[in-house]
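Heads up, the thing below is written out as structure tokens.
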Amino acid sequence: MRRSFLKRMIPLKRMIPVVVVFGLFTGPGQAWAQLPTATILGVVRDPSGAVMPEVNLTARNVETGQTRKTVAGADGSYRFAGLPVGSYEVRVEHPGFQSEVRSGLTLAVAQEAVVNFTLQVGAVEQTVAVTAEAPLVNTTSGSLGGLVDEQRIADLPLNGRNYVDLTLLQPGIQQHRNMSRSTSTVGTWYSSNGAPLRSNNYLLDGAPIRDFSGATSSSATGSTLGVEGIREYRIITNSFSAEYGLTMGSQMVVVSKNGTNNLHGSLFEYLRNSALDARNFFDLKSASTPPDFRLPPFKRNSFGASVGGPVRKDKTFYHLVYEGLRDRLGVTSVANVMSASCRGPAGATITSTACPQLNPPAGTVTSVTIAPLIAPWLALYPDPNLPNNQFTLPASQPTREDFGQVRVDQTLSGNDSFFVRYTAHDADRLSPLAFPQFRSVLTSRGQYANLSENHVFSPTMLNTFRFSYVRTRVNNDSPSGLSGPQYSFVPGKELGGISIGGLAGIGPEGNTPSVKKQNLFTWSDDVFYTRGRHSLKFGTLINRFQQYTQSGTGNRGSVTFPNLASFLQGRVTSYNAITPGSILDRTFFSTSAGFYLQDDLRVNSGLTLNLGLRYEFLTIPVEVRGLNAALRDIQHDSNTTRGPMFPTNPTTRNWSPRVGFAWDVRGNGKTAVRGGFGLLYDIGNLGSAFVQGTIAMPPFSSSSQVQNPTAFLLPGIPLTFPPESAGREIRVIDYLMQQPHMLQYNLTVERQLPFNMAVTLAYAGSRGINLLQVKEGNPTVPQVLPDGRLFWPAVPTGQRPARTNPNWGNITLVTAGGNSFYNSLQFVLQKRLSRGLQFQSSYTWSKLIDETQGQLPAERGGSPVTSTHRQFDRGPAAFDITHSWRLNTIYRFPQLVSSGGVLGKVVNGWWMSGILSLQGGYPFSPTIASDRARKFGGENRPDLAAGYNHDKVILGGPNRYFDPAAFAIQPAGFLGNAGRGILRGPGFANLDFSVAKDTALRFLGESGKLEFRAEFFNLPNRVNFAIPSTNVYSAQRDGEAPLATAGRITGTATTSRQIQLALKVLF
């Protein structure tokens, strides 16, 4: 197996020159990219304005005492690269001139602070002390991004103490809330400037922390805890330089807190209780709730402590963090169910008069007889306890998480230092589903270890070496206890999924039980070398992925009914199940290696060019037990072929040029014109695609499905499949997969304003190519009519539809065939803290068009109506938001009483903070519940009725958000003409607000204080409705009335107003 693994790697002869060239440079060196560091640079001049070479400069970290020395070059320029973030002072000395000390410099992660000096004639012993802050305007880089500083992390109201949510404050970031519940969709999911949702890289102290899904760093609770252990982070969103790799969307560079020469720490508890909260819109009284019911009970306790300080002054430091979460959230779900009059024993006759939900053709009265097979399932549905045949049952969602982190820093000498960090979290959550018999049990554990060593070879050459190890595990199960001859679709398994058009589905989560594990070993070495006008950075990043997946999708089987009438009769449009005996777990090994060279060239005092090149590849993933197979010719092969996933490695051509510029227009650092361009790739985030290729890949696993556009009688359970359907539904990864890549570009103008403010206006765009999609890989073959329309004729009884490859049924294909087009205008106004006030206002006006994208259906990135004509699916992306404005602010009230005493303790020390979010709605498509076009795969949409447009279709309100009369059932065999994403869901508005009081505790030292907080999440208690039910018709026959649930909203995107109280001791 070792020999075959090497054969599947990149041809070594092609790689030798690259490895040799980069290998020469990756011994000594450092760069702040990928690293939690910053840079101070500038020019030293004399009183006449002439540059001064050979000037001695010393940068000192005032928190740890660490110093760095350098000498100005022939052009008077200097650069301190690879400095740990923190507070600094810079001392400049030269014979015949007064020394100057510039203090008060606070360096943020990935910042390049330009600090110029003009020395005055005098004795060296004379010192001029100047206090100055880092500049507000970026005059050295063409990248876009934003900083989430220590003050915002500590003081802004964070719902769930999930610091990753602060990323959403930046322009160009679009959150995707409209996702299905899944093992792989916990956490905060977002797109950066039009990139795919999984194209965001999370780096903690330079080490990757993403899990198996490649999309998030969160635990089973949906949060990334550890606020007390995080100092700050920067999110880089467009045209980043060559040292950043792995993803093509954004880079989130997080810095953990370290110890200093002063002992500091915190002790805290945050408390929530439903007694303080407002009622959610759907917290409705029913027969199952007590008379005094207002809302489900909710208790949340978040508690912990942190401490950091010196072991040896200026030498050894430590920082420890613990945070615990105990949450008993009361949740209310509203489900569409059938009325009591629609029920009965096996053989009972139900008329449409007694049960209007039978949804007959207009003007026709029908009756149905309850099939014996259905009677036990019918009993699982509860009777409605709300108007409009809806059911609600308040339930509890218990959650537990424990988080810990330890970091130790050691300064060995003026040229050598290192730190080690270990972070871990363990969490579990039990989530109730729509009906009381069903629940989801999600558990996770993550461990992150990091070692980083820095060495200074000379004032112009520095080096950082890093090794990290990440181990993550996420388990999900959904037990019901319902099994046996009346429930088991698959022998020996519990009840599977039951879907009914117009009603809430019943059953467990369909993708369970599942297990996702990842071991990730990372080695990196980064070099920084300054030579004249050139600031060179070069290095390497190597990742070893070990990924294990066990998927339960289809494991219990599922059945689909187009409407209630068909359900009562036991008539389905499809049923499917995994073949018993299938091997549903895999372990994949792969390795990525990246090499880069970056030159920030200072053309003159006002113009800097950012020139970079990166090369990064991923070896073809290998299943360690040899469970590899591929459908090599998807149009003709009758069997899969054991062997590698791909014939050649699609990543071997991943050359990634990066170009940027920054022009200091007037040379005073107050006005800048910047821009950038980059060709970027996604590497190593295919974990969820592996899941698709695991579920049904002969000869190791397979699935069976029987389907028909017109409902037919379910033969019985356990599910049985005719020979022509048994094992003929498969899921594959495209054998000829192309490499997903993206072009990013921006043009930006920045201007410093009075009162410590700055304004930024930017155009940012991207063009995604070969984006990952899930689509039908074996489409049926339509007729093309003279008018150009596609028509699928009816399939005669007993025959299979004509497909591209007649050897197979449906083929779920993960391929890289999508395109995206993103354009935006971004406006930022920010104020640095002064006079007690700081704020950031970010507005984005954007448009993102794609042709569907994603690795899993749970992402709701869209399912093509037909995989052969992409024009039918070109539309707004599922997470496209036209308008987005976010404002965050912190204001500390001035001291009202100067004399102190009791009155001073009461009225002094107050401050407040808040986050305001205003956004437009997500796009969605109207759908029908059956395959009206007879195409046997893909999404199904109706016709748009004549005379309707968006303004006429949208009615607003939860009972009928859109008018179903705006749509019509198309003739059988034709696609509906309603386009993808033609409707927009409800908009979003939210205000999180915090008011706090600091009281000095002098016995804990100069910085000791007690902090009391009251935080209000969704302060106005606005109802932010979720996307409505999109199914308009069951579409089993002409003339049907719309489904009663069409356009109905049964949930909210945010909670009602919740109040959190906190006490925190800081020292």
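The values are calculated or read from the model by the stated rules, or taken from the named source; none is laboratory data. The structure displayed is predicted, hence computed values, not measured ones. Glycine also receives a Cβ, built like all others from the backbone with ideal geometry; neighbour counts cover every protein chain displayed.
Starting from residues that are over 39 Å from the mean Cα position of the chain (by Cα) and charged (D, E, K, R), keep the ones in region 750-800 and report whichever is surrounded by the fewest Cβ atoms within 10 Å (Cβ to Cβ).
The selected residue is 787.
Are any residues in region 392-423 in contact (Cβ under 8 Å) with a residue 24 or more places away in the chain, of a type in the set (A, V, I, L, M, F, W, C) and over 27 Å from residue 180 (Cα atoms), and if so, which ones?
Quick first cut of region 392-423, residues in contact (Cβ under 8 Å) with a residue 24 or more places away in the chain only: 392-411, 414-423.
Okay, now just the ones that are also of a type in the set (A, V, I, L, M, F, W, C), so 393, 395, 403, 406, 408, 418-420.
Correct list: 406, 408, 418, 419, 420.
Where in region 243-344 are the strands (runs of 3 or more DSSP E), entirely inside, with at least 3 residues that are touching a Lys or Arg at 6+ places or on another chain (Cβ under 8 Å) and assigned by TED's automatic domain parsing to the domain that holds residue 686? Show your work before the answer.
Working: elements: 250-256, 264-273, 299-312, 316-331, 334-336.
Once the strands (runs of 3 or more DSSP E) in region 243-344 are filtered for at least 3 residues that are touching a Lys or Arg at 6+ places or on another chain (Cβ under 8 Å) and assigned by TED's automatic domain parsing to the domain that holds residue 686, nothing remains.
Among (1) among the charged types (D, E, K, R); (2) more than 32 Å from the chain's Cα centre (by Cα); (3) under 26 Å from residue 80 (Cβ atoms), which single condition is residue 614 missing?
(2)
Tally time: how many residues in region 671-722 are surrounded by fewer than 20 Cβ atoms within 10 Å (Cβ to Cβ) and closer than 24 Å to residue 656 by Cβ?
Number satisfying all stated conditions: 2.
So which strands (runs of 3 or more DSSP E) stay within region 562-647 end to end and still have 3 or more residues that are closer than 18 Å to residue 686 by Cα?
On the way: elements: 571-578, 585-604, 607-618.
Correct list: 585-604, 607-618.
Is it the case that residue 345 is surrounded by fewer than 17 Cβ atoms within 10 Å (Cβ to Cβ), of a type outside the set (Asp, Glu) and touching a residue at least 60 places away in the same chain (Cβ under 8 Å)? So that I can check it myself, show each step before the final result.
Details: surrounded by fewer than 17 Cβ atoms within 10 Å (Cβ to Cβ): yes; of a type outside the set (Asp, Glu): yes; touching a residue at least 60 places away in the same chain (Cβ under 8 Å): no.
No: the conditions fail for residue 345.
List pairs: first in region 902-914 and closer than 27 Å to residue 887 by Cβ, second assigned to a helix (DSSP H, G or I), Cβ under 7 Å, 6+ apart or cross-chain?
913/155
Could you please give the count of residues in region 661-711 that are among the small types (Gly, Ala, Ser) and touching a Phe, Trp or Tyr at 6+ places or on another chain (Cβ under 9 Å)? Steps first, please.
Taking region 661-711 and keeping what is among the small types (Gly, Ala, Ser), we get 662, 667, 669, 672, 675-676, 678, 684, 687-689, 693, 696, 701-704, 711.
Narrowing further to those that are touching a Phe, Trp or Tyr at 6+ places or on another chain (Cβ under 9 Å): 672, 675-676, 678, 684, 687-688, 704, 711.
Count: 9.
Would you mind stating whether residue 637 is over 30 Å from the mean Cα position of the chain (by Cα), crowded, with 19+ Cβ neighbours inside 10 Å and in the same structural domain as residue 564 (by TED's automatic domain parsing)? Please lay out each step first, then the result.
Values: over 30 Å from the mean Cα position of the chain (by Cα): yes; crowded, with 19+ Cβ neighbours inside 10 Å: no; in the same structural domain as residue 564 (by TED's automatic domain parsing): yes.
No: the conditions fail for residue 637.
Looking at (1) surrounded by fewer than 23 Cβ atoms within 10 Å (Cβ to Cβ); (2) more than 20 Å from residue 865 (Cβ to Cβ), which one does residue 913 not meet, given that it meets all the others?
(1)
Please specify each residue of region 372-390 satisfying the condition of being touching a strand residue (DSSP E or B) at 6+ places or on another chain (Cβ under 8 Å), in a loop (DSSP other than H, G, I, E, B) and of a type in the set (A, V, I, L, M).
The one that is touching a strand residue (DSSP E or B) at 6+ places or on another chain (Cβ under 8 Å), in a loop (DSSP other than H, G, I, E, B) and of a type in the set (A, V, I, L, M): 380.
It is to be established whether one or more residues within region 569-586 are surrounded by fewer than 20 Cβ atoms within 10 Å (Cβ to Cβ), small (Gly, Ala, Ser) and more than 30 Å from residue 373 (Cβ to Cβ).
Within region 569-586 (the criterion being surrounded by fewer than 20 Cβ atoms within 10 Å (Cβ to Cβ), small (Gly, Ala, Ser) and more than 30 Å from residue 373 (Cβ to Cβ)), the answer is no, since none of the residues qualifies.
When you go through (1) surrounded by fewer than 22 Cβ atoms within 10 Å (Cβ to Cβ); (2) modelled with pLDDT of 95 or more; (3) out of contact with any Leu (no Cβ under 6 Å at 6 or more places or on another chain) one by one for residue 459, which number turns out not to apply?
(2)
List pairs: first residue in region 285-308 and in contact (Cβ under 8 Å) with a residue 24 or more places away in the chain, second residue aromatic (Phe, Trp, Tyr) and surrounded by 14 or more Cβ atoms within 10 Å (Cβ to Cβ) anywhere in the structure, Cβ distance under 6 angstrom, at least six positions apart or on different chains.
Close Cβ pairs (under 6 Å, with a partner that is aromatic (Phe, Trp, Tyr) and surrounded by 14 or more Cβ atoms within 10 Å (Cβ to Cβ)) amount to 302/270; 304/322; 305/322.
Among the listed residues 831, 847, which satisfies the condition of being basic (Lys, Arg), at pLDDT 90 or above and under 22 Å from the mean Cα position of the chain (by Cα)?
Working: 831 fails: under 22 Å from the mean Cα position of the chain (by Cα).
Of 831, 847, the one residue that is basic (Lys, Arg), at pLDDT 90 or above and under 22 Å from the mean Cα position of the chain (by Cα) is 847.
Can you list residue pairs whose Cβ atoms sit under 7 Å apart, with the first residue in region 477-489 being assigned to a strand (DSSP E or B) and the second being surrounded by 19 or more Cβ atoms within 10 Å (Cβ to Cβ)? Count only pairs 6 or more apart in sequence or on different chains.
Matching pairs, first to second residue: 477/512; 477/513.
Would you point out the residue of region 307-334, among those that are under 28 Å from the mean Cα position of the chain (by Cα) and among the small types (Gly, Ala, Ser), that is farthest from residue 503 (Cα to Cα)?
Among those that are under 28 Å from the mean Cα position of the chain (by Cα) and among the small types (Gly, Ala, Ser), it is 324.
Conditions (1) outside any loop (DSSP other than H, G, I, E, B); (2) buried (at least 18 other Cβ atoms within 10 Å of the Cβ); (3) polar (S, T, N, Q); (4) assigned by TED's automatic domain parsing to the domain that holds residue 921, marked per residue:
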{"site": "971", "(1), (2), (3), (4)": "no, no, no, yes"}
{"site": "980", "(1), (2), (3), (4)": "no, yes, no, yes"}
{"site": "990", "(1), (2), (3), (4)": "yes, yes, yes, yes"}
{"site": "994", "(1), (2), (3), (4)": "yes, yes, yes, yes"}
{"site": "1003", "(1), (2), (3), (4)": "yes, no, no, yes"}
{"site": "1027", "(1), (2), (3), (4)": "no, yes, no, yes"}
{"site": "1036", "(1), (2), (3), (4)": "no, yes, yes, yes"}
{"site": "1048", "(1), (2), (3), (4)": "no, yes, no, yes"}
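Could you check region 875-905 and list, in sequence order, the residues that are outside any strand (DSSP E or B) and touching a Ser or Thr at 6+ places or on another chain (Cβ under 9 Å)?
Just the residues of region 875-905 that are outside any strand (DSSP E or B), to begin with: 877-882, 893-905.
Scanning region 875-905 gives 877, 878, 879, 880, 881, 882, 904, 905.
Mind telling me which of the residues 936, 872 ends up being aromatic (Phe, Trp, Tyr) and either in contact with a Pro (Cβ under 7 Å, 6 or more places away or on another chain) or not assigned by TED's automatic domain parsing to the domain that holds residue 1052 (or both)? So that I can check it myself, show each step before the final result.
Numbers: 872 fails: either in contact with a Pro (Cβ under 7 Å, 6 or more places away or on another chain) or not assigned by TED's automatic domain parsing to the domain that holds residue 1052 (or both).
Only one candidate qualifies: 936.
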